[in-house]
Every structure is written in structure tokens, then in C-alpha cells.
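Undergrad: Questions regarding the structure given below will be posed in turn.
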Amino acid sequence: MANIFVSITFWLVKSKLQHYAVSTRKSLLWLFVLAPWLISLCATLFFSPLFQNGSIFVWLTDLAHWHHPDIFYFMSWHSASLLIFTSFTLYIFIRKITPLYRNHHQINLLRVLGIENSKQVYFIESSIPIAFTGGVFRPSCFISTSLVEQTSADDIKIIIQHELAHVHYFDPLNKWLFSFFSAYFANNVKQLLISMMSLSMEQAADSFYAENQQQSHNVASTLVKFTKLAASYSIHPQYNSELFVHFCRHSIEQRVLHLLSDKQFRPFPTGGVVIAIPLLVLISTTSVDSLHHVIETLFTH
């Protein structure tokens, strides 16, 4: 129930997120994917023995009107719903942990085959102009020799700084975790959440070392040059997952506009969040009994 109402809320406000600073946008996106778990935890606590005898929460218990919440029959639809959720969680975990294991060996191999230019930066022999950051717990930057040969020293410096920003933020790990939690949403919501987070990560890395407007223009120029250079190349599918963060593979137009803009962004909507979370908790909690009745029109226990 929490997932449904959070998805609706996200869909209603998604167009407004672009008006917030990148750091605020990232925080709000994390809040969206974690909100169903937070709301579910709150609902569980409300109906746990910890609060059952508290007069403050009696009104909520009466309002939610959950039928025998303290009774669980394994040979009923109760266990079926639990097993479905557990199986789905296990399925997601296996799907996410398998590429994580392969990625660990890929990164170690790239470090062995690459030439260490500086701490956390490696040059790898490749005819494809490419730059990316990989490694979940110990991220490193990888720059291809083809890219070094076909771009200027200033552009390479900007690209390396961009990738080091991903290292600083631990973006491969965050991207993987965000992908895991967003997997519980409907496909269209999930894809939009991941796309918006990827863009926000890239914009944060673009601006990390851009201390003034001139430097922002230089980063934007490098983005355009790299896009033209890499346009005729494609990334191998195994290197195009949430475990790698590529320099120039996502929403170039929006990134360039963000770098060149002098727009004043909105601050974190503290008031809206403080109101929305308790409201979603209340709506989700009081909707569970309705779902209970819908299910029991089909099953008995």
C-alpha cells in the first residue's frame, strides 16, 4: 500500500524536481525509494505491542480497524502474500548480487591490465574512446588510451576530475543500491527513478570541480567534444550496467544546460516532507484493512 501511494506522489511531483539543486534532488529521490520501507516500519510499530497500550495511538488503531492483526495462519493467504514478497525479494537480490560478483573480478582485472596514472586513475589499452568509474567498495577511474590520443590534455584533465567526483561520492555503490530499492516499484516508475538519479549523479560530478562560470563552460565544451567523438561507438552490454558510471552516456543536453545555467534553485522542501511522510503513513496504514477485505472476497482462511 505504501508503495502504491508513494508511486502516485512521485508521479504527481516528478516534473517539479528539476527546480531543486542536484544535491537536494538526489536526497528527494532517495527519500522516494526508501519511503515505502519507512512507512511500513511505522505501520508495524503502531500495531506492535510497544504501542498497543498507549492511549495516544488508540485512535489510530480504531481508525485503521485492522482485523486481528496479532493472528497469523500459515495455511492461509496470509502466508501466500508473505511468501510472494519473500520470493520477489530473493529474486531481486540474486539478480543484483550476481553482476556485483562479476563486476568485482572485472574491476580487479582492469586494474591489473591498466597503467596506474595516479591514485584511483588507470589508463587501459582500448581503441574505443571511453571513460568510466567502477568498483563498488573501492571505486577507480578508467580512461582508454584511444581517448587520451584523440583529446587534448585539458579535456583529459576535466574528464579525470569528473570521474574522481564519482569516486568521491561512491556513485557505483549508490547507483547499485538505488537500483535495488527502485526494483520494488512498477516498471515505468522504476525506470524514471533510475534515469533521474543517473542524471543527478552526472550533474553532481560535472559541477564538482567547476568553481566558477568559466570552468563550467569548459566542462560543457568537453562534454560536447566527447559526445561527438564517442557517437560511433557502443558500450559492451556487460559494461553498461548500474555498476559502472560512464562519463558521457546520459542526457548530454540537460547536463550542458545545467552547467551553463545561473538559475537559483529551490531549497530542500522540509515543510512538504514533514507533512507528506506522516500523511502517507496514515493513508497507507488505514488502507490495509480495505485491501484485506478485497483479498478475502477471493480467499478464506
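The values are calculated or read from the model by the stated rules, or taken from the named source; none is laboratory data. Treat the numbers as computed from the prediction; the structure is a model and nothing was measured. Cβ sites come from the backbone with ideal geometry, for glycine too, and all protein chains shown count toward neighbours. The protein model used for the area step is the full one, side chains on, heavy atoms only, and it has no ligands, DNA or RNA in it. Shrake-Rupley method; radii C 1.70, N 1.55, O 1.52, S 1.80 Å.
Undergrad: Could you check the spin-label model distance between Ala276 and Asp289? Points 7 Å from the Cα along Cα→Cβ, value in nm.
TA: Result for the modelled spin labels: 2.8 nm.
Undergrad: Pop the C-beta distance of Trp77 and Leu109 into the FRET formula with R0 = 51 Å and round what comes out to the nearest 0.05.
TA: Numbers: r = 49 Å, r/R0 = 0.95.
So the FRET efficiency works out to roughly 0.55.
Undergrad: Set the Förster radius R0 to 25 Å, insert the Cβ-Cβ distance between Phe268 and His168 as r into 1/(1 + (r/R0)^6), and round the FRET efficiency to 0.05. Before the final figure, lay out each step's value.
TA: Values: r = 21 Å, r/R0 = 0.84.
Efficiency, rounded to the nearest 0.05: 0.75.
Undergrad: Another question, if that's okay. Suppose only helical runs count, i.e. DSSP H with n ≥ 4. What mean residue ellipticity at 222 nm does that imply for the chain under -39500 (n - 2.57) per run, divided by all residues and rounded to the nearest 500 deg cm²/dmol?
TA: Working: 12 runs with 199 residues, N = 301.
Here the helix-only value at 222 nm equals -22000 deg cm²/dmol.
Undergrad: Cα convex hull of the chain: mean projected area in nm², to one decimal? Could you put the intermediate results ahead of the total?
TA: Working: hull surface 75.5 nm².
Result: a mean projected hull area of 18.9 nm².
Undergrad: What number comes out for accessible area per residue over the chain if the probe is 1.4 Å? Units Å², please. Intermediate results must be reported in sequence, preceding the final value.
TA: On the way: 16790 Å² over 301 residues.
Counting only protein heavy atoms, the per-residue value for the chain is 56 Å².
Undergrad: Here's a follow-up. Any idea how far apart Leu257 and Ser40 come out in nm if each label point goes 7 Å out from Cα toward Cβ?
TA: Calculated label separation equals 3.6 nm.
Undergrad: Further, regarding this structure: Normalising by the residue count of the chain, find the relative contact order in percent from Cα pairs under 8 Å and 6+ residues apart.
TA: On the way: 299 pairs, mean separation 81.7, N = 301.
Relative contact order of the chain: 27 percent.
Undergrad: May I ask you to compute the full-extension gain from Ser15 to Phe137, defined as 0.36 nm times their residue separation minus their alpha-carbon distance, rounded to one decimal in nm?
TA: Taking 0.36 nm per residue and subtracting the Cα distance, the gain is 40.6 nm.
Undergrad: What ³J(HN,Hα) values, in whole Hz, does the Karplus curve 6.51 cos²θ - 1.76 cosθ + 1.60 give for segment 160-168 when θ = phi - 60°, with x put for Gly and Pro?
TA: Taking θ as phi minus 60°, the curve returns 5, 4, 4, 5, 5, 5, 4, 5, 4 Hz for segment 160-168.
Undergrad: So, one more: What is the angle, in °, between the Cα long axis of helix 270-296 and the longest principal axis of the Cα atoms in the chain? Nearest 10 is fine, range 0 to 90.
TA: 50
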